[in-house]
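The values are calculated or read from the model by the stated rules, or taken from the named source; none is laboratory data. Keep in mind it's a predicted model, so treat the numbers as computed, not measured. Cβ: placed from backbone, ideal geometry, glycine included. Neighbour counts: every protein chain shown.
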């Protein structure tokens with residue numbers, strides 16, 4: 001009987017022990033970092049008995065519940081996975097901090113109450129009491145001055161104290177709920193026999209990120225562009241990344257992948273339902289004909305060759321591989337706006353560049369010298385991208401007016417204004433250059449105001465915006481003259497403002 005009782009006790013004790021969770025720490029092996037979140041992968045082994053066991057994985061980041069993935073080796077059956085928090089007793093330091101913050105919050109609330117009472121008192125005593133008719137003007141003036149100066153002070157102090165109170169309240173809440181809460185992952189496994197199980201845990205957290213810091217370097221020839229990008233990585237997970245394999249993805253992860261639905265855009269004289277929707281600030285352009293060869297898809301992630309160690313809440317800079325693209329140097333002149341000629345590199349092949357999809361600023365270096373910054377929007381890349389490299393004083397440009405006629409024409413007495421501009425270019429380089437010159441003619445916004453381009457001088461006209469474009473090739477030491485004439489015709493009872501500036505002295509090159 002005693003042996004039977006002892007056996008039952010042992011069985012009961014074993015059953016209780018089997019219910020106790022097994023706590024483990026899985027080493028962090030790799031991190032895949034997107035622009036707005038990181039995926040962490042832990043991997044390790046644990047020895048488990050036969051039967052059902054709950055394994056609690058500690059030392060993990062505060063993760064998204066939906067992103068948790070667990071894989072177990074074939075000798076174990078995965079039953080359940082859930083996120084949990086371990087609540088620990090608050091330390092004396094934390095309790096004292098909470099008490100001190102509560103005292104400060106009560107003091108701020110008392111000050112706010114006093115300001116509220118003062119404001120109410122001032123507003124309630126805006127009328128003079130009976131018996132103060134004598135000298136009432138001076139009393140009203142003093143009262144008005146007090147209201148005018150004190151009420152704004154009360155409002156400013158109230159806003160400041162309210163902001164301080166809200167900040168202290170947030171600190172209180174973080175200390176109460178966060179100081180003793182540590183995230184865990186509870187994994188329920190079932191084993192047919194005792195074995196060593198390999199576990200892989202993956203999840204995402206949104207406190208880590210990286211930012212691209214590109215540099216564009218162009219040699220003196222301007223025939224290639226070197227893109228160097230530094231990635232500034234921030235470890236916001238709360239865990240140290242020690243000798244992890246780091247991969248960087250140039251994309252912003254969207255967790256909501258629900259496709260949009262296009263509803264009817266209904267419109268009447270009272271209201272419109274559906275609306276215009278989003279409108280991009282750029283137009284995607286490209287060649288109509290495709291290539292027979294399959295396009296090369298750039299890799300969406302860069303794997304850092306060597307293991308990386310980054311302390312919790314620290315930043316770390318990584319130099320990404322340099323990318324070299326062919327470029328074509330081209331000069332740009334807009335003499336209507338500037339007497340400078342700007343050198344730019346026209347770059348093709350941006351579809352092969354591995355850059356984040358959001359706008360960014362890139363530092364530009366030409367011939368080893370810093371020239372400034374340029375904005376890059378990878379989504380707006382068309383057939384090519386133009387990078388400004390600063391102005392070149394070896395190419396001269398001038399713009400003069402050679403004809404400015406105003407008069408009447410026809411029996412109807414229509415007003416006529418005819419203007420001719422002359423643009424002169426000169427190349428002082430020892431090699432030939434290619435210059436793109438931009439100017440414009442007016443674009444009419446009235447039905448009875450007509451603008452006609454009489455002489456284009458070889459320019460291409462964009463009728464939608466009135467832009468004139470010349471592509472000029474200049475030999476060493478050569479000069480060239482461009483001329484265009486346009487006429488503006490409008491009713492005699494109307495006027496047109498040409499906004500003529502003062503004359504400036506411009507050289508001509510013959």
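Numbers at a glance
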{"quantity": "Condition broken by residue 317, with the remaining ones in (1) exposed (fewer than 13 other Cβ atoms within 10 Å of the Cβ); (2) under 14 Å from residue 227 (Cα atoms); (3) in contact with a strand residue (DSSP E or B) (Cβ under 6 Å, 6 or more places away or on another chain) satisfied", "calculated": "(2)"}
{"quantity": "Of residues in the stretch 348-397 being surrounded by 15 or more Cβ atoms within 10 Å (Cβ to Cβ) and at positive phi, the one modelled with the lowest pLDDT", "calculated": "349"}
{"quantity": "Residue satisfying all of: in the stretch 61-105; part of a loop (DSSP other than H, G, I, E, B) and within 30 Å of residue 166 (Cα to Cα); modelled with the highest pLDDT among these", "calculated": "61"}
{"quantity": "Selection from the stretch 106-126 of residues that are closer than 14 Å to residue 162 by Cβ and in contact with a helix residue (DSSP H, G or I) (Cβ under 9 Å, 6 or more places away or on another chain)", "calculated": "108, 109, 111, 112, 115, 116, 119"}
{"quantity": "Residue identified as under 28 Å from residue 239 (Cβ atoms), touching a strand residue (DSSP E or B) at 6+ places or on another chain (Cβ under 6 Å) and at pLDDT below 85 among 301, 345", "calculated": "301"}
{"quantity": "Set 400, 485, 469, 464: member being loosely packed, with under 10 Cβ neighbours inside 10 Å and either assigned to a strand (DSSP E or B) or modelled with pLDDT of 85 or more (or both)", "calculated": "464"}
{"quantity": "Only one of 453, 438 that is surrounded by 12 or more Cβ atoms within 10 Å (Cβ to Cβ), in a strand (DSSP E or B) and without any contact (Cβ under 8 Å) to a residue 60 or more places away in the chain", "calculated": "453"}
{"quantity": "Selection from the stretch 443-461 of residues that are at pLDDT below 90 and under 19 Å from residue 337 (Cβ atoms)", "calculated": "443"}
{"quantity": "Test: residue in the stretch 143-156 that is more than 30 Å from residue 49 (Cα to Cα), modelled with pLDDT of 80 or more and surrounded by 12 or more Cβ atoms within 10 Å (Cβ to Cβ)", "calculated": "yes"}
{"quantity": "Test: residue in the stretch 420-429 that is under 24 Å from the mean Cα position of the chain (by Cα), surrounded by fewer than 17 Cβ atoms within 10 Å (Cβ to Cβ) and either modelled with pLDDT of 80 or more or outside the structural domain of residue 478 (by TED's automatic domain parsing) (or both)", "calculated": "no"}
